Amino acid sequence: MKKFVIFFVIVVAAFYWAADFVKTGKLQKYIDDNSDKQWAPKVQYRLGEIYQTALKHDKAEVCFNRVLEKYATSQITVDSMYNLGVIYEDTKKFSQAKEMYKKIMDEHPDYEKIKKVETRLGFILNY
């Protein structure tokens with residue numbers, strides 16, 4: 001039981017530290033300071049996913065756009081484009097969503113989620 005309590009306290013402390021690291025912008029600064037590292041695009045992308053899941057669309061949009069700007073040759077570039085399209089849909093920016101989905105279809109026709117892109121585009125064509 002004592003080991004479990006110690007483990008639990010460590011886990012709670014780690015989550016508190018991680019939440020503070022994200023909320024204060026220290027994580028973004030750390031990513032920016034280490035943008036040349038191999039892990040940086042993935043961490044930037046995951047931060048965008050965290051914000052998107054938390055419905056903080058403005059911050060998620062910034063993160064995904066940073067992936068497109070700084071890491072254009074990264075494997076997660078197309079995933080960032082897709083998530084931007086979803087964010088644009090969720091925030092009723094349908095013209096931007098259409099533009100992003102069309103860009104994915106034109107530039108990345110072999111994208112693993114291309115059917116989802118086509119479906120989402122079909123839903124918003126009349127907006």
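The values are calculated or read from the model by the stated rules, or taken from the named source; none is laboratory data. Quantities reported herein were computed from a predicted structural model and do not represent experimental measurements. A quick note on method: Cβ atoms are made from the backbone with ideal geometry, for glycine too, and the neighbour counts reach across all protein chains shown.
Given the condition assigned to a helix (DSSP H, G or I), within 16 Å of L27 (Cβ to Cβ) and of a type in the set (S, T, N, Q), answer yes or no: does some residue in segment 51-65 qualify? Spell out the reasoning first.
So in segment 51-65, the residues assigned to a helix (DSSP H, G or I) come out as 51-53, 57-65.
If we keep only those that are within 16 Å of L27 (Cβ to Cβ) too, we end up with 51-53, 59-60, 62-64.
With the extra rule that they be of a type in the set (S, T, N, Q), the set shrinks to 52-53.
Within segment 51-65 (the criterion being assigned to a helix (DSSP H, G or I), within 16 Å of L27 (Cβ to Cβ) and of a type in the set (S, T, N, Q)), the answer is yes, since at least one residue qualifies.
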Pull out all pairs, ordered by first then second residue, where Cβ-Cβ is under 6 Å, the residues are six or more apart or on different chains, the first lies in segment 35-51 and is of a type in the set (A, V, I, L, M, F, W, C), and the second is modelled with pLDDT of 95 or more and in a helix (DSSP H, G or I). L47/C63
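Kindly indicate whether Y88 is in contact with a Leu (Cβ under 9 Å, 6 or more places away or on another chain), of a type in the set (S, T, Y) and modelled with pLDDT of 95 or more. Outline the logic, then answer.
Numbers: in contact with a Leu (Cβ under 9 Å, 6 or more places away or on another chain): no; of a type in the set (S, T, Y): yes; modelled with pLDDT of 95 or more: yes.
So Y88 does not fit the description; no.
Are any residues in segment 110-127 loosely packed, with under 14 Cβ neighbours inside 10 Å and either in contact with a Pro (Cβ under 8 Å, 6 or more places away or on another chain) or more than 19 Å from Y45 (Cβ to Cβ) (or both), and if so, which ones?
Here is the first cut: in segment 110-127, the residues loosely packed, with under 14 Cβ neighbours inside 10 Å are 110, 112, 115, 118-119, 122-123, 125-127.
Answer for segment 110-127, where residues must be loosely packed, with under 14 Cβ neighbours inside 10 Å and either in contact with a Pro (Cβ under 8 Å, 6 or more places away or on another chain) or more than 19 Å from Y45 (Cβ to Cβ) (or both): D110, K115, E118, T119, G122, F123, L125, N126, Y127.
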Picking from L47, L27, the residue that is modelled with pLDDT of 85 or more and either closer than 22 Å to D110 by Cα or not β-branched (V, I, T) (or both) would be L47
For K70, are the conditions met, namely being touching a helix residue (DSSP H, G or I) at 6+ places or on another chain (Cβ under 9 Å) and free of Cβ contacts under 8 Å to residues at least 12 places away in the same chain? no
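Hey, can you tell me all the residues within segment 88-109 that are in contact with a His (Cβ under 7 Å, 6 or more places away or on another chain) and buried (at least 18 other Cβ atoms within 10 Å of the Cβ)? Break it down stepwise before answering.
The first filter runs over segment 88-109 and keeps only residues in contact with a His (Cβ under 7 Å, 6 or more places away or on another chain), leaving 90-91.
Passing the criteria: none in range.
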Return only the number of the condition from (1) part of a helix (DSSP H, G or I); (2) modelled with pLDDT of 90 or more; (3) of a type outside the set (D, E, K, R) that F21 does not satisfy. (2)
From the list M105, M100, M81, pick out the single residue that is touching a Gly at 6+ places or on another chain (Cβ under 6 Å) and in the same structural domain as L47 (by TED's automatic domain parsing). M100
